[in-house]
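In what follows, a structure is listed as C-alpha cells, so that the remarks can point back to it.
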Amino acid sequence: MKINEKNHLVLEENEVERGFRFRFDESPHKNPNAQLQKRTLVIHAPISASAEGAFAQLKQKPPKNSFLPRSTHLILGRNGNEIIQMLPFQLGANHASGFNNRSIAIDLVYPGELVEKGLAFQLKSNFPEDKYILASGLGTSSRYGYWPLYPNAQLDSLLAIARALKDKFDIVDAVAYDEVLTATHPGPAFPIIQFREKLLGVNDRSLLLQETSHSVLLFNQ
C-alpha cells in the first residue's frame, strides 16, 4: 500500500490479486481547520456490522443547527480486505476533540462489547470461546464485559496502512480513542501498545509491563 499525490490510499497489484477492495467515496463532513505538520494516528472502532454499514452512517446528513457531524479518513473492514477512504489524508476529520487539527482517523469495523441478546453480529453465542476476552475498558474499570478479539487480518492491514501513512506524513504518535477521550471504543481487546511499537518503535510511550490478566472474584460461574 502507498499514498499517492492526491493523498489517496493506493493498493499494490499483489494486494488486488489477494482480494483487497478499495474505493474512495468522499465525505461531505470535512473539518475546516488546517492540519498541523505533526500528525497523530487515532484508532476508532464504533459499533458496526460491516464497512458498508459504517460508511452509510457517516454519510448521513446531520440535523440543522447540530454539532459538526462525525467523519473519518478511512474505514477498514473486519476481514482486513475491505477499505473505504472518505477524506484525503491531508484534510481534517471531525472525530476527536482536541485532535481534529493534527490527526488522521481510522475506523475499524468491530461489534463492540458482546451481548447475550440482540443483533446477530454482537451475540456472544456466535463467537468461539477463544475469540473473546473478559475485560474492563479504560473508562469502565469497575465492570467487566466480553470483548471480541480483533482479527489478525484486520490488524495486519491496519499496520500496513499506518506504515504507508508514516512514509508520507510526519506521524508522531498512535493512540486508541479511549486512551485520550472518554469512550468505549476501540475497547480493551485492541492491542494499542504492540501496534504503537510496531509502527513507531520503542519510545517513551512504551511500557515495560502490560497487564493482560489478573484474578477476579466470580459469582455463580
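The values are calculated or read from the model by the stated rules, or taken from the named source; none is laboratory data. Just so we're clear, the structure is a prediction, and the values are computed from it rather than from any experiment. Heads up, the Cβs are rebuilt from the backbone with ideal geometry, glycines too, and the neighbour counts pull from every protein chain shown. Please note that ligands, DNA and RNA were not included when accessible areas were found on the heavy atoms of the full protein model with its side chains. Shrake-Rupley method; radii C 1.70, N 1.55, O 1.52, S 1.80 Å.
Taking every residue in region 146-170 that is surrounded by 18 or more Cβ atoms within 10 Å (Cβ to Cβ) and pairing it with any residue that is part of a loop (DSSP other than H, G, I, E, B) and of a type in the set (S, T, N, Q), at least 6 positions away or on another chain, yields no pair with a Cβ-Cβ distance below 6 Å.
Is it fair to say residue 134 is within 11 Å of residue 188 (Cβ to Cβ), touching an Asp or Glu at 6+ places or on another chain (Cβ under 9 Å) and open to solvent by 70 Å² or more (accessible area, probe 1.4 Å)?
no
Evaluate region 71-87: report whether one residue or more is over 17 Å from residue 154 (Cα atoms), more than 13 Å from the chain's Cα centre (by Cα) and surrounded by fewer than 21 Cβ atoms within 10 Å (Cβ to Cβ). Lay out the reasoning, then the answer.
In the first step, residues of region 71-87 are kept if they are over 17 Å from residue 154 (Cα atoms); the result is 71-72, 86-87.
Those left that are additionally more than 13 Å from the chain's Cα centre (by Cα): 86-87.
Going one step further and asking which of them are surrounded by fewer than 21 Cβ atoms within 10 Å (Cβ to Cβ), we end up with none.
So far as region 71-87 goes, no, none of its residues is over 17 Å from residue 154 (Cα atoms), more than 13 Å from the chain's Cα centre (by Cα) and surrounded by fewer than 21 Cβ atoms within 10 Å (Cβ to Cβ).
With the structure loaded, tell me whether residue 50 is open to solvent by 20 Å² or more (accessible area, probe 1.4 Å) and of a type in the set (Ser, Thr, Tyr) or whether it fails that test. Yes, satisfied. Restrict the check to region 203-218 and report whether at least one residue is modelled with pLDDT of 65 or more and on the phi > 0 side of the Ramachandran plot. Looking for residues that are modelled with pLDDT of 65 or more and on the phi > 0 side of the Ramachandran plot, one finds none in region 203-218, hence no.
Exactly one residue out of 167, 173, 178, 156 is in contact with a Ser or Thr (Cβ under 6 Å, 6 or more places away or on another chain) and at pLDDT 90 or above: that is 173. So which residues in region 21-45 are surrounded by 17 or more Cβ atoms within 10 Å (Cβ to Cβ), at pLDDT 95 or above and not basic (Lys, Arg), if there are any at all? Selection gives 22, 40, 41, 42, 43, 44, 45. For beta carbons closer than 6 Å, sequence separation of 6+ or different chains, a first residue in region 97-124 that is over 16 Å from residue 144 (Cα atoms) and a second that is open to solvent by 30 Å² or more (accessible area, probe 1.4 Å) and among the aromatic types (Phe, Trp, Tyr), the qualifying pairs are 111/121. With the condition kept exactly as written, say whether any residue in region 99-119 is at pLDDT below 95, out of contact with any strand residue (DSSP E or B) (no Cβ under 9 Å at 6 or more places or on another chain), open to solvent by 50 Å² or more (accessible area, probe 1.4 Å) and farther than 20 Å from residue 179 by Cβ. Yes, region 99-119 contains at least one residue that is at pLDDT below 95, out of contact with any strand residue (DSSP E or B) (no Cβ under 9 Å at 6 or more places or on another chain), open to solvent by 50 Å² or more (accessible area, probe 1.4 Å) and farther than 20 Å from residue 179 by Cβ. Among the conditions (1) open to solvent by less than 40 Å² (accessible area, probe 1.4 Å); (2) part of a loop (DSSP other than H, G, I, E, B); (3) under 22 Å from residue 100 (Cβ atoms), the only one that residue 184 does not satisfy is (1).
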